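First comes the structure, then the notes that go with it.
The values are calculated or read from the model by the stated rules, or taken from the named source; none is laboratory data. Everything numeric here is computed off the predicted structure, so don't read it as measured data. Cβ: placed from backbone, ideal geometry, glycine included. Neighbour counts: every protein chain shown. The accessibility values were calculated without ligands, DNA or RNA, using every heavy atom of the protein model including side chains. Shrake-Rupley method; radii C 1.70, N 1.55, O 1.52, S 1.80 Å.
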Amino acid sequence: MIPDVKTTLPGVVWLERYLSLQEQKLLLARCRDIMDGPAGGYVPTVRGGGKMHVRMVCLGRHWNPRTYRYEDRRSDHDGLPVAPVPVAFVSLAERIAGDAGFAFQPDVCIVNWYGPDGRMGLHQDKDESAASLSAGSPVVSLSIGDTARFLFGGLRRRDPVEPMPLASGDAFVFGGAARLRYHGVSRIMPGTAPEGLGVDGRFNLTFRQY
Ligand code: SIN
Ligand code: MN
């Protein structure tokens, strides 16, 4: 399928309907296995003591929501070692980044599950290595399931945000000058997943190069 490319801002590439329904089904099955498997998803507690509104699993490296650092074991939760990023996920993320014009060797994948009340506050992704951030290595995001009201802002928290409805199968890439832009998810739109996918809720995968 030829992706419908939207470049809204420098460093941002939105590839709408990037994945076919069949590809979405395969990815959905993998995400369910990961979320429900050993060292599966949990609802993290962040630095300030509040609970996140997603279930999270990190692959490759664990992002510790209490320290905002990456580590080899889930020390804020059950101490289990982090599973590697599946080879097929790495290839897919590299392909997406390439289509978006970025060179990329992802070694971290964060899988988040949003139920009907899932959301994520505005934040920057800035916990990767200084080398990765200064190179503008992108974040590659893939969405499966219900559409999210994704908010994309500027480099300061108070900058205006633009809502971008990320639908199932969409890839959204932000790197270069956009790498440190604030973003979040204000809500999920229940019942908007493609018919035939068989999911209520949303998986989001973000790939990064630590
Ligand atoms: C994130 O910023 O980590 C997740 C974004 C999304 O769920 O679309
Ligand atoms: Mn983020």
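Part of a strand (DSSP E or B) and β-branched (Val, Ile, Thr): which single residue out of Thr206, Thr192 fits that description?
Answer to the check: Thr206.
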(request) Scan the stretch 162-173 residue by residue and report those that are open to solvent by 10 Å² or more (accessible area, probe 1.4 Å) and either of a type in the set (Phe, Trp, Tyr) or more than 13 Å from ligand 1 (Cβ to nearest atom) (or both). (result) Glu162
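Conditions tested, residue by residue: (1) open to solvent by 70 Å² or more (accessible area, probe 1.4 Å); (2) more than 16 Å from ligand 2 (Cβ to nearest atom); (3) of a type outside the set (Gly, Ala, Ser).
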site: Arg69; (1), (2), (3): yes, no, yes
site: His77; (1), (2), (3): yes, yes, yes
site: Asp107; (1), (2), (3): no, yes, yes
site: Ile110; (1), (2), (3): no, no, yes
site: Tyr114; (1), (2), (3): no, no, yes
(message) Is it the case, given these coordinates, that Arg119 is more than 16 Å from ligand 2 (Cβ to nearest atom), closer than 27 Å to Gly201 by Cα and in contact with a His (Cβ under 7 Å, 6 or more places away or on another chain)?
(response) no
(request) Sort out which residues of the stretch 121-160 are open to solvent by less than 40 Å² (accessible area, probe 1.4 Å) and in a strand (DSSP E or B), and write them in order of number. (result) Val139, Val140, Ser141, Leu142, Ser143, Ile144, Gly145, Thr147, Ala148, Phe150, Leu151, Phe152
(request) Tell me, please, whether a residue that is among the hydroxyl-bearing types (Ser, Thr, Tyr), within 13 Å of the chain's Cα centre (by Cα) and within 15 Å of ligand 2 (Cβ to nearest atom) can be found in the stretch 143-153. (result) yes
(request) Working only within the stretch 179-196, note down all residues that are away from ligand 2 (no atom under 11 Å from the Cβ), in contact with a strand residue (DSSP E or B) (Cβ under 7 Å, 6 or more places away or on another chain) and open to solvent by 10 Å² or more (accessible area, probe 1.4 Å). (result) Ser186, Arg187, Met189, Thr192, Ala193
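Which residue is nearest to ligand 2 (Cβ to nearest atom), if the candidates are limited to the stretch 85-105 and must be farther than 18 Å from Asp170 by Cβ and at pLDDT 95 or above?
Top of the filtered list is Val85.
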(message) So Ile34 ticks every box in (1) within 14 Å of Ile144 (Cβ to Cβ); (2) open to solvent by 50 Å² or more (accessible area, probe 1.4 Å) but one. Which box is left unticked?
(response) (2)
(message) Quick test of your reading of the structure: Gly60 fulfils all but one of (1) more than 18 Å from Val185 (Cβ to Cβ); (2) crowded, with 17+ Cβ neighbours inside 10 Å; (3) away from ligand 2 (no atom under 16 Å from the Cβ). Name the failing condition by number.
(response) (3)
